[in-house]
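The structure under discussion appears below in the form of structure tokens.
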Amino acid sequence: MTLLFDLVLMAMAVYILIGGISGKGKLLKADNIKEGKEEEFKKYSRILYIVLGCTMLLHSLSTTVQNLLYVYDPEAQDFVAASPTGLASVFSYQFLRVISIAFFALTIAALVVLIILMRKYTDPEKAKQQGRAPVNERQKGHILPVDAFDFDEEEEVPADAAEADDAETDAVEEEKENSPDNCDSTEE
């Protein structure tokens, strides 16, 4: 399962890295950027996407190598080399674990810097103007959407069904009144 996650992370890292290097794609498209700051925003975000892609790629590679070289041994209650020769003799499990954690921390740091960058270059006034939807007269004064509770068609109940329902309701009420549980103790 972790190998699948590492491969998905690796694919995402390659996508982000290619987007950062080429400068094209949906990654660099941002709405509501301040006037005159578009080129500066694009330059810094490209750099950050390249850094983010590299750290994600290195993190996924280190965890993939770690998971391929070492398996958990329940008897030893530790991770042991899947094959005693090869790369496992060069890279210890602890070394790969430290490298993986370090690249994960760098990935999170790059994401935080990217969020701060986007926040810094976003024009709040533009966002408010674009985000405002025309207010429907029926919606004024309501928090929840009014249309969510308004149904277009009301069910028409045939007259025969309405009379049958009334007869059933009357029969149930009479049965409740005549039941022994409903007797008053004062009638003795």
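Annotations
- Farthest toward the positive end of the dipole of region 2-131, out of TYR15, SER60, GLN94, is the Cα of TYR15, where the dipole comes from beta carbon charges about the Cα centre.
- Long-range amide H partners of TYR70 with built H, under 5 Å: ALA82
- For region 2-131, the Cβ-based charge dipole about the Cα centre amounts to some 700 debye (Lys, Arg positive; Asp, Glu negative; other atoms uncharged).
- Counting neighbouring Cβ atoms within 10 Å and putting the fewest first, the residues LEU96, LEU111 line up as LEU111, LEU96.
- For the Cα trace of region 2-131, dividing Rg by the Kirkwood Rh returns an Rg/Rh value of 1.16.
- Eigen-decomposition of the gyration tensor built on the alpha-carbon atoms of region 22-98 gives equivalent ellipsoid semi-axes of 43, 11, 9 angstrom, largest listed first.
Any read-out appearing in this document is the output of simple, stated calculations on the displayed coordinates, not a laboratory observation. Just so you know, these numbers come straight off a predicted model, no measurement behind them. FYI the Cβ positions are ideal-geometry reconstructions off the backbone, even for glycines, and counts take in every protein chain you see.
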